[in-house]
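Written below as structure tokens is the structure these notes are about.
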Amino acid sequence: RGYNQSDLLARWLGCAYQPAALRRVRKTALQQRLSASARRRNLQRAFACTVPVAGRHIALVDDVVTTGSTVAAIAALLRRQGAASVQIWCVCRT
């Protein structure tokens, strides 16, 4: 897309924002043509958390959530790292 729409949304919302808090650690196939179950498999162990989140309340900001596979994988990672809560904030759910 040429820009980070989640970055724009988080800034517009006035959130305390840490764009480097999550990092993709494994290359994954494009999600567009995958089934929901294939998307979940595709995202296993694909992300790492780079900042301490234990006890924190986290809001994941995304523009469009289709199957929810990406945000679910990231939310699970954050919960494993000890986040007190994880919310998904999106503009559109398809």
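The figures follow:
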{"quantity": "Matching helices (runs of 4 or more DSSP H) fully within the chain where at least 1 residues are of a type in the set (F, W, Y)", "calculated": "5-13"}
{"quantity": "Pairs with Cβ under 6 Å, 6+ apart, first in the range 43-60 and among the β-branched types (V, I, T), second at pLDDT 95 or above and surrounded by 14 or more Cβ atoms within 10 Å (Cβ to Cβ)", "calculated": "V53/L78; V53/Q81; V53/A83; I58/L78; I58/A83; I58/V86"}
{"quantity": "Any hit, the range 63-84, residues being touching a Ser or Thr at 6+ places or on another chain (Cβ under 6 Å), within 21 Å of A10 (Cα to Cα) and of a type in the set (D, E)", "calculated": "no"}
{"quantity": "Filter result (within 14 Å of the chain's Cα centre (by Cα), modelled with pLDDT of 90 or more and basic (K, R)) within the range 19-71", "calculated": "R23, R24, R45"}
{"quantity": "The range 8-30: number of residues that are surrounded by 10 or more Cβ atoms within 10 Å (Cβ to Cβ) and of a type in the set (F, W, Y)", "calculated": "1"}
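The values are calculated or read from the model by the stated rules, or taken from the named source; none is laboratory data. This is a predicted model, so every value here is computed, not measured. Note that each Cβ is placed from the backbone with ideal geometry, even for glycine, and that neighbours are counted across all protein chains shown.
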